[in-house]
1. Determine whether Lys107 is of a type in the set (D, E, K, R), part of a helix (DSSP H, G or I) and surrounded by 13 or more Cβ atoms within 10 Å (Cβ to Cβ).
2. For Tyr106, only one of the following conditions fails: (1) in contact with a Lys or Arg (Cβ under 8 Å, 6 or more places away or on another chain); (2) at pLDDT below 90; (3) within 27 Å of Arg21 (Cβ to Cβ). What is its number?
3. Consider Gly14 carefully, then state whether it is surrounded by 11 or more Cβ atoms within 10 Å (Cβ to Cβ) and in contact with a strand residue (DSSP E or B) (Cβ under 9 Å, 6 or more places away or on another chain).
4. So Arg85 fits all but one of (1) in contact with a helix residue (DSSP H, G or I) (Cβ under 8 Å, 6 or more places away or on another chain); (2) surrounded by 16 or more Cβ atoms within 10 Å (Cβ to Cβ); what number is the exception?
5. Would you check which residues across the range 17-43 are more than 25 Å from Val65 (Cα to Cα) and exposed (fewer than 12 other Cβ atoms within 10 Å of the Cβ) and list them?
6. Taking the range 41-90 only, how many residues are in contact (Cβ under 8 Å) with a residue 24 or more places away in the chain, within 17 Å of Lys107 (Cβ to Cβ) and not hydrophobic (A, V, I, L, M, F, W, C)?
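The values are calculated or read from the model by the stated rules, or taken from the named source; none is laboratory data. As the structure is a computational prediction, the values presented were derived from the model and not from experiment. Here the Cβ positions follow ideal geometry from the backbone for every residue, glycine too, while neighbour counts run over all protein chains shown.
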Amino acid sequence: MSDGFTESVTVDEGVNEQGVRTQLHFESDGGLVLQKTFDAEPILKEAEHARQSTAGMRWGEGRIVGTIDPVAYGRISQIKDRAERDQAILAYFRERPAFVKFDPYYKTLFGARKA
């Protein structure tokens, strides 16, 4: 009797309430890959619309500056130190400028260039 699978097998756990799909890929060599994905298109469209509608606006209290995808939000929310968490959020938006919603924040991060 052989050890492990003779072919790769994928278990799809479906989409949770945050829109994240979890899949487990059992590889024929005995490896396991955990894959989490989500459909970012609605978030990106909404962020672009929000960025366009906030062009020319000024800073104010309670301003929503962007959207963090659910997978990254889970990772970032685990950071206990406030300064470290703020840096992680800043890095997230610098790496994913299309998720920025507030045009003045976008300009703060990137100057005049657009995503």
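1. yes
2. All conditions are met except number (3).
3. no
4. (2)
5. Selection gives Ser28, Asp29, Gly30, Gly31, Leu32, Val33, Leu34, Gln35.
6. 8
Okay, residues lined up against (1) out of contact with any Asp or Glu (no Cβ under 9 Å at 6 or more places or on another chain); (2) at pLDDT below 85; (3) of a type in the set (Gly, Ala, Ser); (4) in a strand (DSSP E or B):
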site	(1), (2), (3), (4)
Asp29	yes, no, no, no
Lys45	yes, no, no, no
Glu48	yes, no, no, no
Met57	no, yes, no, no
Glu61	yes, yes, no, no
Ala72	yes, no, yes, no
Arg85	yes, no, no, no
Leu90	yes, no, no, no
Phe93	yes, no, no, no
